[in-house]
Each structure stands twice: as structure tokens, then as C-alpha cells.
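Asks: Before I ask anything, here is the structure I am working with.
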Amino acid sequence: GTKFVRETDERFNVILVDSTDPDGPGAVLFTSEFYTDCRAALAPRGILVPQNGLPFLQGPELKQSVAHFRDLFDDACEGLRAALGDRHPRVARALTNLGWAEVRLDRFETAVRTFDEAISVYREVRPAGPPSDPLQGRGEALYALGRFAEAVESLSAAHEAATNTSDAEKAATKLVEV
């Protein structure tokens, strides 16, 4: 895979990287060099979809990848916006994930802005309003910034959103907590 993207003259609209964990031979698929080669192999407005860690389980892996992406891509959600439009639930989900990555990188001001954007999109496209995840992330970033009153407000809204979810969503949330 690394040799192919480094040497190809073709340009791709989408590159999907379904890799192993970043250990052993698969480690090269998580390097700045590999991501740079993927960027070069993308068509204009192309999308790179790599496998990366979950913020709550594999923080260091995700932190490293986001640092690489920030150097290579102007807007991590640009491709989704181009494909789906600015106001789409998947764009809101991607913004939420990006916000959590920013929290892991200790970029709290950026995280707050990213969560605010996700919450705004959710308010437009989801009748029930935003789910608890971006509200909680926003609250945690505000807390880290010492903006305690705003943090409490956001975390309270997250709690309210979580208690207003369906039984299936509550069960899934509880399962993830366990």
C-alpha cells in the first residue's frame, strides 16, 4: 500500500485505508510520509478515510494522526461537506469526532469552536437537537480553559440530552461505559 500510493500517477476521489493497528508491519500506514503520499494521490477535493483510534480507547494513536492531518489538510471535514453539504448529520458527527481529537491535542479553544459548529449543525438537522457527545466535549474543553460557568451549562445540556435519548441509545451508551 505504501509503495503503491508513493509511486502511482493515478489520482483518486477516495482513498480508504483499512489497516491494522499501528504496530509491526502496519505501523508505516500511520506515518506522516504515508499520509503525505496519500494526499498526493488524491484528486482535487478527494477524501482520505484512514483507520484511526477511538478517542476514549486509543488516544495517543488518534492524537498522532490528527497532528499529521493538520499539516496536510486545510479542513478535515471539507470532503464530507463537499459530498453531503454543510448541514448533514454525518458532517456533524465528523465535527464531533474532530472536536474530541482537538481535546486530546490540548487545543481547547479550537475544540470549543469545532463542537459549537457540530452543535449548530445538529440543531438544524436533528429535531431532538444535538446528542450529548458534542455537548460533553464542549463542556470538557471549556472546563480545561477555566471557563467554568459555560462548562457547567454545556455539561448540564449534555446530561439532559443523554436522559432524553431512546432506550436503545441509553443501552448502547451504558454498554460503552461498561
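Asks: Among rounded, prolate and oblate, which fits the stretch 115-169 when a ≥ b ≥ c are the square roots of the eigenvalues of its C-alpha gyration tensor, a/c under 1.5 means rounded, and a/b larger than b/c means prolate?
Replies: Oblate, because a/c is 1.5 or more while a/b does not exceed b/c.
Asks: How much of Thr110 can a 1.4 Å solvent probe reach, expressed as accessible area in Å² and rounded to 10?
Replies: 40 Å²
Asks: Now, a different point. Which of Ser32, Val14, Leu135 sits farthest toward the positive end of the charge dipole of the stretch 1-154, with +1 on the Cβ of Lys and Arg and -1 on the Cβ of Asp and Glu?
Replies: The one lying farthest along the dipole's positive direction is Leu135.
Asks: Next question. Can you list the residues, at least 5 places off or on another chain, whose amide H is less than 5 Å from the amide H of Leu42, using H built in the peptide plane?
Replies: So Leu42 has HN proximity to Phe12.
Asks: Below 13 angstrom from the Cβ of Ala158, what's the summed charge of the other residues (Lys, Arg +1; Asp, Glu -1)?
Replies: Result for the neighbourhood of Ala158: -4.
Asks: Sticking with this structure for a sec: Once you order the gyration tensor axes a ≥ b ≥ c over the Cα atoms, which shape class does the stretch 85-159 get: rounded for a/c under 1.5, otherwise prolate or oblate by comparing a/b with b/c?
Replies: Taking the square roots of the gyration eigenvalues as a ≥ b ≥ c, the stretch 85-159 is oblate.
Asks: Then there's this: Per-residue counts of other Cβ atoms within 10 Å, averaged by peptide: what ranking do you get for 92-104, 143-155, highest first?
Replies: In descending order of packing, they fall as 92-104, 143-155.
The values are calculated or read from the model by the stated rules, or taken from the named source; none is laboratory data. Keep in mind that what you see is a predicted model, and the values were worked out from it rather than measured. A quick note on method: Cβ atoms are made from the backbone with ideal geometry, for glycine too, and the neighbour counts reach across all protein chains shown. Accessible surface is based on the protein model in full, side chains and every heavy atom, while ligands, DNA and RNA are left aside. Shrake-Rupley method; radii C 1.70, N 1.55, O 1.52, S 1.80 Å.
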